[in-house]
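Okay, structure first, notes after.
The values are calculated or read from the model by the stated rules, or taken from the named source; none is laboratory data. Computed from a predicted model, the values in this text were never measured in an experiment. Don't worry about glycine lacking a Cβ; one is built from the backbone with ideal geometry, like all the others, and counts go over all protein chains shown.
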């Protein structure tokens, strides 16, 4: 299996605090840490640089990774506004693709790159620069879902992960509130898409997947056939229609119209999930004297 990851990365501080971390001076260290983890985790989960210690012989022996595959990581930047020179990950771990794009539309340059490579990979992946994978079975689960439901009436659906934040990377004082929050669960009682919940078994556990009311996850992971479907849709590379913000649009709008999107249900979130490495929603939470959580969203 061959996988291509395209990651848009932009940083130019315009204020101490900003809606997007890519423009927040105080967020500089957090942005570096998130992108470092995003790149390193792909290598950690799916690479072959694994060794096991044999203490009695005082040697290391290579440990095969049965879940490894060939992959390329392309970091797309624009106008020299980036933090790549400050990463701990060496440049050999990724390719730097410099563009002249308007920063608002950098995500579309990633889409263009993915489209130009159709036929060379098995998965085409778009990830915002603070999306971190932690599940070594991530692509095995995607393959399982695609195999299970390839012949569904109305066409094969697209499975999107649930995105979460953890208190591990939140500001001090947030840690006692909760362990993690799945930030893209629902925006309405009714799903955007028709269809019944689906069940799928993995390692002896039955998980439920359901049509979602919020297709956004800051990322998407498409097979070659799905990538070709996306490229044929009128919203592919279309910058005229904006959903919420250009950043959100690049991650979500075109796939939301090109596919019926499923996500893990409330009791099955862990089936497919990604970590939001630069917390935003957890920072909006507080606890009442009684210990109940309150959410003060600025939007």
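Worth a mention:
- Selection within the stretch 5-28 - more than 19 Å from residue 135 (Cβ to Cβ) and modelled with pLDDT of 90 or more: 6, 8, 9, 10, 11, 28
- Boolean, residue 249 is modelled with pLDDT of 95 or more, surrounded by fewer than 19 Cβ atoms within 10 Å (Cβ to Cβ), in contact with a helix residue (DSSP H, G or I) (Cβ under 8 Å, 6 or more places away or on another chain) and over 23 Å from residue 1 (Cβ atoms): no
- Hits in the stretch 117-129 (condition: more than 11 Å from residue 6 (Cα to Cα) and in contact with a helix residue (DSSP H, G or I) (Cβ under 6 Å, 6 or more places away or on another chain)): 118
- Taking the listed residues 87, 114, the one that is surrounded by 15 or more Cβ atoms within 10 Å (Cβ to Cβ), in contact (Cβ under 8 Å) with a residue 60 or more places away in the chain and either within 18 Å of residue 39 (Cβ to Cβ) or touching a helix residue (DSSP H, G or I) at 6+ places or on another chain (Cβ under 8 Å) (or both) is 114, with no other qualifying.
- Per the listing 221, 137, the residue uniquely in contact with a helix residue (DSSP H, G or I) (Cβ under 8 Å, 6 or more places away or on another chain) and either surrounded by fewer than 18 Cβ atoms within 10 Å (Cβ to Cβ) or within 30 Å of residue 280 (Cα to Cα) (or both) is 221.
- Filter pass, residue 239 being surrounded by fewer than 21 Cβ atoms within 10 Å (Cβ to Cβ), in contact with a strand residue (DSSP E or B) (Cβ under 6 Å, 6 or more places away or on another chain) and either touching a residue at least 60 places away in the same chain (Cβ under 8 Å) or more than 27 Å from residue 208 (Cβ to Cβ) (or both): no
- Residue within the stretch 62-74 that is surrounded by 15 or more Cβ atoms within 10 Å (Cβ to Cβ) and within 27 Å of residue 280 (Cβ to Cβ) present: yes
- Within the stretch 21-56, the set of residues being within 23 Å of residue 245 (Cα to Cα) and crowded, with 16+ Cβ neighbours inside 10 Å comprises 21, 22, 23, 24, 27, 30, 31, 32, 34, 35, 38.
- Pair list, Cβ under 9 Å, 6 or more apart: the stretch 190-212 residue loosely packed, with under 12 Cβ neighbours inside 10 Å, other residue part of a loop (DSSP other than H, G, I, E, B): 190/213; 194/154; 194/260; 203/137
- The stretch 117-129, subset surrounded by fewer than 18 Cβ atoms within 10 Å (Cβ to Cβ) and at negative phi, residue nearest to the chain's Cα centre (by Cα): 122
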